[in-house]
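Colleague: Once you've had a glance at the structure underneath, I'll fire off some questions.
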């Protein structure tokens with residue numbers, strides 16, 4: 001099982017290299033565009049770390065998730081992939097397209113991973129939720145929540161240390177001072193409580 005918390009510094013650097021190989025830098029900071037933004041979360045069945053079987057699988061899943069979302073949305077604002085669940089913040093004119101793309105991705109990867117893990121018939125995915133973003137405040141709280149998730153779950157101490165998220169790109173595009181201002185102006189408080197706490 002892939003567990004960032006028990007990896008050596010060398011292993012962490014290798015995992016980061018897997019992520020960096022898929023460079024998807026932003027050219028500008030994200031901006032709330034109003035209608036059409038959604039927060040989508042999905043978890044592995046019984047919170048098993050199926051996504052996190054290896055750093056390579058994590059990096060491959062991140063790439064495939066972003067490819068699927070970019071084909072079904074206007075913009076992917078933020079994302080975070082953890083060993084047993086993930087969060088994305090997207091803008092889409094038609095949420096059904098995003099939902100269909102995620103469903104197809106889940107089905108295809110369930111088949112692939114169960115073959116790789118010699119676990120045919122295993123249920124890979126359990127729970128997914130989606131929530132329409134209602135306001136600029138909701139947007140920025142969600143952005144902070146997505147980027148803070150690896151810290152919340154104890155994988156890292158700083159956003160930019162987690163390789164499988166948009167946090168590093170966000171900090172580079174936005175600037176640390178503005179990111180800190182947004183964190184203070186839009187605190188996450190108990191956002192995600194109940195759903196996310198079950199996924200430790």
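Colleague: Scan the range 119-139 and give yes if some residue there is in contact with a helix residue (DSSP H, G or I) (Cβ under 8 Å, 6 or more places away or on another chain), modelled with pLDDT of 95 or more and assigned to a helix (DSSP H, G or I), otherwise no.
Modeller: no
Colleague: Scan the range 114-140 for residues that are under 16 Å from residue 58 (Cα atoms) and either surrounded by 13 or more Cβ atoms within 10 Å (Cβ to Cβ) or touching a strand residue (DSSP E or B) at 6+ places or on another chain (Cβ under 8 Å) (or both) and jot them down. Outline the logic, then answer.
Modeller: So the first thing to find is which residues in the range 114-140 are under 16 Å from residue 58 (Cα atoms), and the list is 114, 116-117, 124-125.
Listed by number, the residues that qualify are 114, 117, 124, 125.
Colleague: Is it the case that residue 29 is surrounded by fewer than 19 Cβ atoms within 10 Å (Cβ to Cβ), modelled with pLDDT under 95, more than 22 Å from residue 161 (Cα to Cα) and out of contact with any strand residue (DSSP E or B) (no Cβ under 9 Å at 6 or more places or on another chain)?
Modeller: On the way: surrounded by fewer than 19 Cβ atoms within 10 Å (Cβ to Cβ): yes; modelled with pLDDT under 95: yes; more than 22 Å from residue 161 (Cα to Cα): no; out of contact with any strand residue (DSSP E or B) (no Cβ under 9 Å at 6 or more places or on another chain): yes.
Taking the combined requirement at face value, the residue does not satisfy it.
Colleague: Does residue 156 count as touching a helix residue (DSSP H, G or I) at 6+ places or on another chain (Cβ under 8 Å) and either closer than 20 Å to residue 81 by Cα or in a helix (DSSP H, G or I) (or both)?
Modeller: Spelling it out, residue 156 is indeed touching a helix residue (DSSP H, G or I) at 6+ places or on another chain (Cβ under 8 Å) and either closer than 20 Å to residue 81 by Cα or in a helix (DSSP H, G or I) (or both).
Colleague: Filter the range 93-104 down to the residues that are under 17 Å from the mean Cα position of the chain (by Cα) and either assigned to a loop (DSSP other than H, G, I, E, B) or surrounded by fewer than 18 Cβ atoms within 10 Å (Cβ to Cβ) (or both) and list them by number.
Modeller: Answer for the range 93-104, where residues must be under 17 Å from the mean Cα position of the chain (by Cα) and either assigned to a loop (DSSP other than H, G, I, E, B) or surrounded by fewer than 18 Cβ atoms within 10 Å (Cβ to Cβ) (or both): 99, 103.
Colleague: So residue 143 passes all but one of these: (1) surrounded by fewer than 18 Cβ atoms within 10 Å (Cβ to Cβ); (2) under 23 Å from residue 35 (Cβ atoms). Which condition number does it fail?
Modeller: Condition (1) is where residue 143 drops out.
Colleague: Select, from 46, 35, the only residue that is outside any helix (DSSP H, G or I), more than 16 Å from residue 166 (Cβ to Cβ) and either modelled with pLDDT under 95 or in contact with a helix residue (DSSP H, G or I) (Cβ under 9 Å, 6 or more places away or on another chain) (or both). Reasoning before the result, please.
Modeller: Details: 46 fails: outside any helix (DSSP H, G or I).
Going through 46, 35 in turn, the sole match is 35.
Colleague: Give me the pairs, please: first residue somewhere in the range 119-134 and free of Cβ contacts under 8 Å to residues at least 60 places away in the same chain and on the phi > 0 side of the Ramachandran plot, second residue anywhere and surrounded by 13 or more Cβ atoms within 10 Å (Cβ to Cβ) and not in a strand (DSSP E or B), beta-carbon distance under 9 Å, and either six or more positions apart or on two chains.
Modeller: 121/114
The values are calculated or read from the model by the stated rules, or taken from the named source; none is laboratory data. Quick caveat: nothing in here was measured; it's all calculated off a predicted structure. Don't worry about glycine lacking a Cβ; one is built from the backbone with ideal geometry, like all the others, and counts go over all protein chains shown.
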